Amino acid sequence: MGFDLVNEVFEYLKDRTGQQLTANDIAEHIYQSFPEYIEDRTLKSASRNKSRDLTSKEGWVSQISAEIGSKNPIIRSHPQIEVIETRPKQYSFSPEKVKKFGAASEMDHFFSKRLNSFLEAFNERRDGPFSIDEDLSRAMSDLKGWVEETHAVSSRPQLEVKISVGKGNWAKSPWIAILDKDVTTSTQSGIYVVFLIREDLSTTYLTLNQGMTKLTNTLGDAAAVIEMKRVAEAVKPNIENLEEEGFTLDNAIDLRASSKATKKYEAGTIAHLALPNDAIPDDGAIEHFLDQLLNAYKTAIGVDVEIAEAPEEPLSAATTSLSEPYSIGDALGELFLEREEVERHLEIWANKKNLILQGAPGVGKSFIARRLAYALIGFRDNRKVQTVQFHQSYSYEDFVQGYRPNGNQGFDRKNGSFYEFCNRAVSDPGSRYVFIIDEINRGNLSKIFGELMLLIEPDKRNPMWSTRLAYATENDPEFYVPANLYILGMMNTADRSLSLVDYALRRRFAFVAMEPLYGAPKFQKHLEKHGVSESVITQIKLGMSELNQTIESDRTNLGPGFRIGHSFFTPTQPVINSEAWYRRIVETEIHPLLEEYWFDSPENADQWRDRLLG
């Protein structure tokens, strides 16, 4: 079970009924009684370079006292505690809200009153047949309405509030959820904020939680729990500031679960704050906690949403989204490939999950890779596509995890690019993510991939195959590659300095060849569009096709993998002088490449230069 400051303080006060205690008295008790909690917080604070001194007893007593006071309104409001602190931010209400809810003095405990009215109505009915009558419906509407009217929620127009007591059968644990519509519209999947009410109705937990239903349907119960733990571990480092507000970052909430559904709520919890229903803090405190948790929610889902002071109209999905739809049709508008080829490549990739585009220089592998990635995802969204380039010095430590210099004559363990990208994909299981590896055969693949050689296999993409990484500590979660992450490699078949792809890795990838497309109708249209003359277009098509036939037939020294691609002749700006443009490319790009190909017969390179320019 995780440490819960609110519960520990209340337990301490129970044994001292009638005594008046200061925040410092309680802070002294916490410091003396919970050394493991203090040690854990000390390490985390040091890693975040906190300005407060948390290495001494005095510093810690001061910190805990502040949390008991101004930073934790639940504890501050307890009648046994003497503390003079600044109250959390009090939010203003419009005249319409005052008219609806009453004067400010009457609104101090509006949430508590509406919550308890709802729980009373729910408790009276839940032992009978399922039926939401007028009184219960009104209680649900009043509670939901208050949450919607808070500044913390109403100032974020992409949020939607839902309340549930069950469907067809009474829920063991009723809830009020706050969902970002750009991420999820259902508590069955994704990350969301939710008030979860204990089955005995004694406590309400304000939580950052995850939907489990869709994961369970896909992975099964056991694997879904592992998956949600993995998501939580990926999110926690970015929301550690919640601990200073009294939240606990684990899933050790106690809903007194007797049903499978309630146990799922417990398993999916990322952060939580206990609100005893007989000691609910005032509305200002609830606003404060909601605001802090919704800020953490924005961080957790990785969506940068503007918070409006007084929005008149809800923001549209297009306004808040950083991506735009991208279809196969969009890809075809940018590529020289035909629809059948693009659909075939995407089908192979979707099934195998790991694909390598192989081809000679100039066939457009990099350009095609990005467009295939967008088409697979369904959006032109660079947040879900990442590219690295392998080279001889690239290592497991760069790709997965390892120790690197920290600038202070020491070393820190840091996660590599692929590890971080996996975490991003794990935290967003409803979306596809693409990791592109340029020059994949330029690195030492067995050394770079390590244990990932197993984990990237398409049938190993679930938490049941998670494994402990080479540099993992005892407390680190095991690692796996999620099913929504797709790998796309690019391989230059004409680089003699590169070794063949490791056979163990080769069987884990599908390979498709990228061909020179000098005869493609779209290639000719592209040249015409950019002002290349008809005579030069014919010269390019005929000359380069003949050259490639010669290269392909030279099986002793070259072969099909050394053919020269069309990208050398794809201008991005209007061509003013076609002949001069063509000559420049042949002399400065094609001829040097031929000299490298025929390094032992330079006269061949010269003959083909003259032939292309003749």
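Got at least one residue in the stretch 149-158 being open to solvent by 60 Å² or more (accessible area, probe 1.4 Å) and in contact (Cβ under 8 Å) with a residue 12 or more places away in the chain?
No; the residues of the stretch 149-158 include none that is open to solvent by 60 Å² or more (accessible area, probe 1.4 Å) and in contact (Cβ under 8 Å) with a residue 12 or more places away in the chain.
Tally up the residues in the stretch 581-603 that are open to solvent by 50 Å² or more (accessible area, probe 1.4 Å) and not β-branched (V, I, T), please.
11
Quick one: count up the residues across the stretch 426-445 that are small (G, A, S), under 20 Å from V235 (Cβ atoms) and either at pLDDT 90 or above or open to solvent by less than 40 Å² (accessible area, probe 1.4 Å) (or both).
Number satisfying all stated conditions: 2.
Among the strands (runs of 3 or more DSSP E) confined wholly to the stretch 361-432, which include 2 or more residues that are within 30 Å of L337 (Cα to Cα)?
385-389
Is it the case that the stretch 166-183 has a residue that's at pLDDT below 90, open to solvent by less than 10 Å² (accessible area, probe 1.4 Å) and part of a loop (DSSP other than H, G, I, E, B)?
Checking the stretch 166-183: not a single residue is at pLDDT below 90, open to solvent by less than 10 Å² (accessible area, probe 1.4 Å) and part of a loop (DSSP other than H, G, I, E, B).
Looking at the stretch 362-375, which of the residues that are in contact with a strand residue (DSSP E or B) (Cβ under 6 Å, 6 or more places away or on another chain) and not hydroxyl-bearing (S, T, Y) is nearest to E515 (Cα to Cα)?
K365
Taking helices (runs of 4 or more DSSP H) that fall entirely within the stretch 447-555, which contain at least 3 residues that are aliphatic (A, V, I, L, M) and more than 30 Å from N604 (Cβ to Cβ)?
The qualifying helices (runs of 4 or more DSSP H) are 452-455.
State whether one or more residues within the stretch 285-293 are out of contact with any Asp or Glu (no Cβ under 6 Å at 6 or more places or on another chain), open to solvent by 20 Å² or more (accessible area, probe 1.4 Å) and part of a helix (DSSP H, G or I).
Checked the stretch 285-293: at least one residue is out of contact with any Asp or Glu (no Cβ under 6 Å at 6 or more places or on another chain), open to solvent by 20 Å² or more (accessible area, probe 1.4 Å) and part of a helix (DSSP H, G or I).
Go through the residues of the stretch 523-535 one by one and say whether even a single one is among the aromatic types (F, W, Y), buried (at least 17 other Cβ atoms within 10 Å of the Cβ), in contact with a His (Cβ under 8 Å, 6 or more places away or on another chain) and under 20 Å from A360 (Cα atoms).
Within the stretch 523-535 (the criterion being among the aromatic types (F, W, Y), buried (at least 17 other Cβ atoms within 10 Å of the Cβ), in contact with a His (Cβ under 8 Å, 6 or more places away or on another chain) and under 20 Å from A360 (Cα atoms)), the answer is yes, since at least one residue qualifies.
If you go through the stretch 142-165 one residue at a time, how many are part of a helix (DSSP H, G or I) and out of contact with any strand residue (DSSP E or B) (no Cβ under 8 Å at 6 or more places or on another chain)?
7
Do we have G559 as open to solvent by less than 70 Å² (accessible area, probe 1.4 Å) and modelled with pLDDT under 95 here?
It is true that G559 is open to solvent by less than 70 Å² (accessible area, probe 1.4 Å) and modelled with pLDDT under 95.
Which members of the stretch 527-567 meet the condition of being in contact with a Phe, Trp or Tyr (Cβ under 8 Å, 6 or more places away or on another chain) and under 17 Å from E341 (Cβ atoms)?
If the condition is that a residue be in contact with a Phe, Trp or Tyr (Cβ under 8 Å, 6 or more places away or on another chain) and under 17 Å from E341 (Cβ atoms), then H566, S567 are the ones that fit.
Are any residues in the stretch 343-370 within 21 Å of the chain's Cα centre (by Cα) and surrounded by 17 or more Cβ atoms within 10 Å (Cβ to Cβ), and if so, which ones?
Of everything in the stretch 343-370, those that are within 21 Å of the chain's Cα centre (by Cα) and surrounded by 17 or more Cβ atoms within 10 Å (Cβ to Cβ) turn out to be K353, N354, R370.
Okay, residues lined up against (1) in contact with a Pro (Cβ under 8 Å, 6 or more places away or on another chain); (2) over 30 Å from W465 (Cβ atoms); (3) open to solvent by less than 10 Å² (accessible area, probe 1.4 Å); (4) not in a helix (DSSP H, G or I):
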site	(1), (2), (3), (4)
L196	no, yes, yes, yes
D200	no, yes, no, yes
L206	no, yes, yes, yes
N209	no, no, yes, yes
L215	yes, no, no, no
A223	yes, no, yes, no
K229	yes, no, no, no
E233	yes, no, no, no
P237	no, no, no, no
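Can you tell me which residue within the stretch 239-251, out of those that are open to solvent by 30 Å² or more (accessible area, probe 1.4 Å) and part of a helix (DSSP H, G or I), is farthest from N423 (Cα to Cα)?
Ranking the candidates gives N241 first.
Under 8 Å by Cβ, and 6 or more places apart or on different chains, what pairs join a residue from the stretch 519-541 that is at positive phi with one that is open to solvent by 40 Å² or more (accessible area, probe 1.4 Å)?
G531/P574; G531/I576
Name the pairs whose Cβ atoms lie under 7 Å apart, with the first residue in the stretch 390-414 and under 16 Å from E451 (Cβ atoms) and among the aromatic types (F, W, Y), the second part of a strand (DSSP E or B) and open to solvent by less than 50 Å² (accessible area, probe 1.4 Å), and 6 or more positions between them or separate chains?
Y396/G402
Taking the stated definitions as given, is S567 among the polar types (S, T, N, Q), in a helix (DSSP H, G or I) and in contact (Cβ under 8 Å) with a residue 40 or more places away in the chain?
Yes, satisfied.
Is it the case, given these coordinates, that M514 is closer than 30 Å to L455 by Cα and open to solvent by less than 30 Å² (accessible area, probe 1.4 Å)?
Against the criterion (closer than 30 Å to L455 by Cα and open to solvent by less than 30 Å² (accessible area, probe 1.4 Å)), M514 qualifies.
The values are calculated or read from the model by the stated rules, or taken from the named source; none is laboratory data. Model, not experiment: these values are computed from the prediction. Neighbour counts run over all protein chains shown; Cβ positions are idealised from the backbone, glycine included. In case anyone asks, the SASA skips ligands and DNA or RNA and just uses the protein heavy atoms, side chains included. Shrake-Rupley method; radii C 1.70, N 1.55, O 1.52, S 1.80 Å.
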